[in-house]
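In what follows, a structure is listed as structure tokens, so that the remarks can point back to it.
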There are 2 protein chains.
Amino acid sequence: MAETDQAPPQSDQLAAMNLTDAVEKHAFSDRVLIRSIVGRPDGGAGLSGQKVRAGGWVKTGREQGKGTFAFLELNDGSCPANLQVIVDAGVAVLSKLVATGTCVVVDGILKVPPEGTRQKIELRVEKVVSVGEVDPAKYPIPKTKLTLEFLRDHLHLRSRTNTIAALARIRNALAFATHSFFQEHNFLYVHTPIITTSDCEGAGEMFQVTTLISESEKLEKELIKSPPPSEADIEAARQLVSERGEAVKQLKAAKASKSDITASVAELNKAKENLSKLEERSKLKPGIPKKDGKIDYTQDFFARQAFLTVSGQLQVETYACAVSNVYTFGPTFRAEQSHTSRHLAEFWMVEPEIAFADLQDDMKCAEAYVKYMCNWLLDKCLDDMEFMAKSYDKGCIDRLKMVASTPFVRITYTEAVELLEEAVKGGKKFENEVKWGIDLASEHERFLTEVKFQKPVIVYNYPKGIKAFYMRLNDDLKTVAAMDVLVPKVGELIGGSQREERYDVIRERISEMGLPLEPYEWYLDLRRFGTVKHCGFGLGFERMILFATGIDNIRDVIPFPRYPGRADL
Amino acid sequence: MAETDQAPPQSDQLAAMNLTDAVEKHAFSDRVLIRSIVGRPDGGAGLSGQKVRAGGWVKTGREQGKGTFAFLELNDGSCPANLQVIVDAGVAVLSKLVATGTCVVVDGILKVPPEGTRQKIELRVEKVVSVGEVDPAKYPIPKTKLTLEFLRDHLHLRSRTNTIAALARIRNALAFATHSFFQEHNFLYVHTPIITTSDCEGAGEMFQVTTLISESEKLEKELIKSPPPSEADIEAARQLVSERGEAVKQLKAAKASKSDITASVAELNKAKENLSKLEERSKLKPGIPKKDGKIDYTQDFFARQAFLTVSGQLQVETYACAVSNVYTFGPTFRAEQSHTSRHLAEFWMVEPEIAFADLQDDMKCAEAYVKYMCNWLLDKCLDDMEFMAKSYDKGCIDRLKMVASTPFVRITYTEAVELLEEAVKGGKKFENEVKWGIDLASEHERFLTEVKFQKPVIVYNYPKGIKAFYMRLNDDLKTVAAMDVLVPKVGELIGGSQREERYDVIRERISEMGLPLEPYEWYLDLRRFGTVKHCGFGLGFERMILFATGIDNIRDVIPFPRYPGRADL
């Protein structure tokens, strides 16, 4: 009992009070949210006696007591734990319920099971409301242990497994954590374009977006159905025009009646129209339209060549340079033949952009954001994280705690190279040579964060030669204000920079890199007119999930992975 | 003062307390959030005497008192209101500060201005920290009134205008409201794919995603640089192989030394390798690879034809049929030659999917979601909504209030047609004929919601002939469990349905519509194994913004509009 009457209820007491509350329901549905039963501190015991409707999919089921009753482990996706359901043979045909994957909706009463069982509560069924059956002989993902690789061939059913469902909840949590973090910090969410005509970044190979092929195929079919006119058809039409013209001339010369002449002119015009239509059609050629030997993109949907975006950064900068703090969170694309466990052709990126801020502010923001996500998972997804720790990576929860609570190390690129060179002297072997000027390889990054510091490391001020033109040139004229956040397990999680806001300098940098100025004129305008100090970074969303969960292959942490040769569904 | 010491402070009192707080800062930056000054109930007056750093863009500026000081209206994007800034000539060169679009960072002291001014607070500048200048003669969007149409030609700068900035804040608010609504109701956010190989929905023309064109262009360039071997080159290589073969044969016949033979065989193998390389290269043909007269998509990036998604519904259903309530919120695409103010080639859609729920639940969810968004805007964006009301649509705030508070009318399609027929009898003229079986045209929808009921209307149970195959067949066998939500100003805002969960029925419906079964096998699997009653809907996100703000052209409510002939940036 509370010690004083005046004191407001403490959170433990509130929890105790809630134990007697009614169970929570799924929104817009009459069934209970299974998490609100089995996810309670008391495992649901306090709900004993309540009548509920539950719906979900059978994870495992078995008939017991010589077929007099069945146990079903029911899961509705709201949490990793199942609700234990008991059905008597008198209530339903048990054999139709027990197959893994069966969908059932049942009415029943929550009861505390006999002692000695793991469950704190179970549902005793009074009525089976509906059943979506499964023929276990045909079910592609039966109960047996399935590899993640096997599941990739069954994208449409793999979310019914514990692992993919847990990853869906973790991904959902991280996405909402992302929005919550930036909204709390007064960033505006900006939808940058997916289809882009800016081939600006040189970030990688791009997918082309076009209607030219389908249009040419349509035309090809059309021309087969009704072939273009022959030279003879056109000649005949031309002949007709000249005959009709002659007829008009004669009528006029003969001073025929006005109505006769009018009729004759009308005939002439009809013939002319027909001729021009035929001539037009004769020009139609199957195949993709060309001009001067090149594809004629003026005939494509956007009247120019268009691609899928590789980053929303340049576009989101237009908003940062107008409304201050913004972020984008959307799909990005790379048409690279990467068959690794770390690359996807379609993946999601989070890209904040901060106005009136420099590289130090950028690092602060990146660190705060990563910590926020770690805390969010520990706070809201601990059951799923426990599942990942048990099944895939026993250190994943400790890693989240460590990152959430440890200040990130900050070292310059030059210091990083020195540390790596020291390590080499000490006998450490790297596949890639270490010397000032190289881009750090994944093995270098992981050495720094996993071995040398054993915590997150931010490396900043990289040589300008290995970084993009838009990164701000430092006063040493050798390095740019770029930074990468390295974390254990995945290495580089974030890449960012202060942007070059000085018009003359960025113009010079574009030219220096051998890039044309014209496509960047709009980007230069941001520096020409009311320029502002600003910075930003990009976080690969799937990398964050790999880091959090310890899953090895990026194809398993996105619902519908796209990679060379595969884009199922 | 509070009436009793015990009572917790009321919200009014809390607000009063906060008035003496320090101003709020932009996250990760040292400048103040202008909203936290001018957006206070007291207009900022309570902050008088505080020293702050402010940064933003000059909306209007003018020199006064014969050039002894300047007024600047400074905006940082955090709200529609500006902070009035006063700079003395002794502090800075005033002419460099006053041009519209200039970016300034200033330190100063907040002071209550002399009576008779509109502002409640102004900033008296002590130091100008930095200036991003503007040459007003060159600035593409000077202060003069600019049309929205003109601004579409300056996408990279238009967010600096009051209207586009207000729309950015409203769009951001609606996006976060969307996530908040679904998260509060225990829906999981699922990222459905952007690139898809399912051409399933028949929802419209699709954009093709390909690397075939760029690959063939690469090859073409490569072949120009180093042309394929000629027939003579190959013949020569063939000749060499036979000579080398002959040499080996002779050495063997002559029982030459082992090392001589080995060397000779090595020469032969080199010649063979060279020949096969040349033969391989001679097969290279510029142009898109073909097989049997058709484009050979096995050579495309995904080894088959791929498109941009028109809807995430079918894919998100795979998650609903595994983890219950889910939603997707992402970009979708239509390659249609629509030059209207209502269509975009790239737009954002919100698509929830609810398991264990029917059409009634679907309507409840849709109504709750729309009301939630209306309340969110009234609660969090009232200043921006007031700007829209003043500048574009004086009724927009009342419309939000009405929709937030009025139960949506629900009528069947059959009732809707009867009402329209009555209206026609009463003298109402429609361009499109009204009779049972037609798809309702926009004019019909707007008549129902704007004239007949003057509130939101949900029309449900449409004739099956005009709806998609996946909508659940009603017991009358004539209609399907579809529903559209109609609202004043835009007409159809939401379209949804209960999905056909019966395996036999949906199979039959696919065939009935003349569609092939094979591409739908994965979708059928969801009904074959553990099928569940479920429903969902789609909301066109830009339509919601049009509805909320009264803006007429959809190209103005998305940051980077894509439509036929245009995809700037």
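Interface residues of the stretch A:555-569, defined as those losing at least 20 Å² of solvent-accessible heavy-atom surface relative to the isolated chain (probe radius 1.4 Å), are listed as A:PRO559, A:PHE560, A:ARG562, A:GLY565, A:ALA567, A:LEU569.
Once you have a ≥ b ≥ c as the square roots of the Cα gyration tensor eigenvalues for the stretch A:46-121, tell me rounded if a/c is under 1.5, and otherwise prolate or oblate according to whether a/b is larger than b/c.
Details: a/c = 1.44, a/b = 1.15, b/c = 1.26.
It is rounded, given that a/c, with a ≥ b ≥ c, falls under 1.5.
In peptide A:395-405, how many Cβ atoms from other protein chains are near each Cβ within 10 Å, on average?
The mean count of partner-chain Cβ atoms within 10 Å per residue comes to 0.
Here chain B was treated as a single set of alpha-carbon atoms; its pair distances binned every 20 Å from 0 give 16, 36, 27, 15, 6, 1, 0 percent. Within the straight-line cut-off of under 19 Å between alpha carbons, the aspartates and glutamates reachable from B:LYS270 are B:ASP233, B:GLU235, B:GLU243, B:GLU246, B:ASP260, B:GLU279, B:GLU280, sequence neighbours fewer than 8 places apart in one chain being disregarded. A point 7 Å from Cα along Cα→Cβ stands in for A:GLU422, and the other copies hold the same point at 8.6 nm, listed in rising order. When only Cα pairs below 8 angstrom with a gap of at least 6 residues are kept, the stretch B:360-506 shows a relative contact order of 20 percent.
Among the listed pairs B:LYS66/B:LYS96; A:LYS25/B:LYS364; B:LYS401/B:LYS467; A:LYS371/A:LYS429; A:LYS401/A:LYS467, a Cα-Cα separation exceeding 23 Å is found for B:LYS401/B:LYS467; A:LYS371/A:LYS429; A:LYS401/A:LYS467. Across peptide A:167-175, the average count of Cβ atoms from other chains found within 10 Å of a residue's Cβ is 4. Here the dipole of chain A is about 1380 debye; that uses its Cα centre as origin and unit charges on the Cβ of Lys and Arg (positive) and Asp and Glu (negative).
What do you get for Rg/Rh over the stretch A:447-569 if you use C-alpha atoms and the Kirkwood form of Rh? The Rg/Rh ratio comes out at 1.08.
Could you grab the relative contact order for the stretch A:436-530? Cα pairs under 8 Å, six or more apart, rounded to a whole percent.
Details: 135 pairs, mean separation 22.3, N = 95.
Taking the mean separation of contacting Cα pairs over the length of the stretch A:436-530, I get 24 percent.
Taking all protein chains together and a 1.4 Å probe, the residues A:SER442, B:SER36 rank A:SER442, B:SER36 from largest to smallest accessible area. The fraction of accessible area contributed by carbon and sulfur in the protein assembly as shown is 51 percent, rounded to a whole number (1.4 Å probe; ligands and nucleic acids excluded).
For the stretch B:228-358, what is Rg from Cα atoms divided by 2.2 N^0.38 Å, rounded to two decimals? Compared with the compact-globule rule of thumb, the stretch B:228-358 sits at 2.16.
Explain nothing, just the number: dipole magnitude of the stretch B:458-524 about its Cα centre with +1 on each Lys and Arg Cβ and -1 on each Asp and Glu Cβ, in debye rounded to the nearest 20.
Details: 9 positive and 11 negative charges, 48 e Å.
My answer is approximately 240 debye.
Placing +1 on the Cβ of every Lys and Arg and -1 on the Cβ of every Asp and Glu, with no other charges, gives the protein assembly as shown a dipole of roughly 980 debye about its Cα centre.
Mean per-residue shielding of peptide A:356-368 is 3, counting Cβ atoms of other chains within 10 Å of each Cβ.
Straight-distance candidates among the aspartates and glutamates for linking to A:LYS138, with alpha-carbon spacing under 13 Å and chain neighbours fewer than 8 residues away dropped: B:ASP525. Computed from the Cα positions only, the extents of the stretch A:420-516 along the three principal axes stand at 45, 23, 22 Å, in decreasing order.
Per residue of chain B, what 222 nm ellipticity follows from adding -39500 (n - 2.57) for every DSSP H run with n ≥ 4, rounded to the nearest 500?
Details: 16 runs with 200 residues, N = 569.
Roughly -11000 deg cm²/dmol at 222 nm, from the helical runs in chain B.
The residue among A:ASN75, B:ILE551, A:PHE453 whose Cα reaches farthest toward the positive pole of the charge dipole of the protein assembly as shown, with charges on the beta-carbon of Lys, Arg, Asp and Glu, is B:ILE551.
Here the translational diffusion coefficient of the stretch A:323-399 follows from Stokes-Einstein with Rh set to the Kirkwood radius across Cα pairs; for 4 °C and 1.567 mPa s it amounts to 84 µm²/s.
Taking amide H as placed 1.01 Å from N in the peptide plane, B:GLU492 has its amide H under 5 Å from the amide H of B:VAL487, each at least 5 places away in sequence or on another chain. Taking 0.36 nm per residue of separation and subtracting the Cα-Cα distance, full extension of the segment from A:ILE234 to A:ILE438 would add 66.8 nm.
The 3J(HN,Hα) values that the Karplus relation (6.51, -1.76, 1.60; θ = phi - 60°) gives for the stretch B:81-88 are, in residue order, 6, 9, 9, 7, 10, 10, 10, 7 Hz. Gly and Pro appear as x.
The tail of the calculated P(r) for the stretch B:204-291 beyond 16 Å holds 66 percent of all Cα-Cα pairs. Take the stretch A:427-569 with all the other protein chains still there, run a 1.4 Å probe, and you get 35 Å² of accessible area per residue. Summed over both chains, the contact between A and B buries some 9700 Å² of accessible surface at a probe radius of 1.4 Å. In terms of Cα atoms, the Rg and Dmax of the protein assembly as shown work out to 34.4, 122 Å.
With an 8 Å Cα cut-off and a minimum separation of 6 or more residues, compute the relative contact order for the stretch B:259-387 in percent. Over the stretch B:259-387, the number comes to 15 percent. Take the stretch A:150-190 with all the other protein chains still there, run a 1.4 Å probe, and you get 20 Å² of accessible area per residue. Please name which of B:ALA271, B:VAL370, B:GLY39 has its Cα lying farthest along the dipole of the protein assembly as shown towards the positive end, using unit charges on Cβ (Lys, Arg +1; Asp, Glu -1) and the Cα centre as origin. Positive-most Cα among the choices belongs to B:ALA271.
Across the options A:ALA232, A:ILE397, A:GLY65, the greatest Cα extent toward the positive end of the charge dipole of the protein assembly as shown (unit charges at beta carbon of Lys, Arg, Asp, Glu) belongs to A:ALA232.
The contact residues of the stretch A:206-225, meaning those that lose at least 40 Å² of 1.4 Å-probe accessible area when all protein chains sit together rather than their chain alone, are A:PHE207, A:GLN208, A:THR210, A:ILE213, A:GLU217. For the stretch A:308-336, accessible area lost to neighbouring protein chains reaches 50 Å² or more, against the chain alone with a 1.4 Å probe, at A:TYR319, A:ALA322, A:VAL323.
The values are calculated or read from the model by the stated rules, or taken from the named source; none is laboratory data. Everything quoted here is computed from the prediction, not taken from an experiment. Using ideal geometry, Cβ is built from the backbone for each residue, glycine included, and neighbour counts are taken over all protein chains shown. In case anyone asks, the SASA skips ligands and DNA or RNA and just uses the protein heavy atoms, side chains included. Shrake-Rupley method; radii C 1.70, N 1.55, O 1.52, S 1.80 Å.
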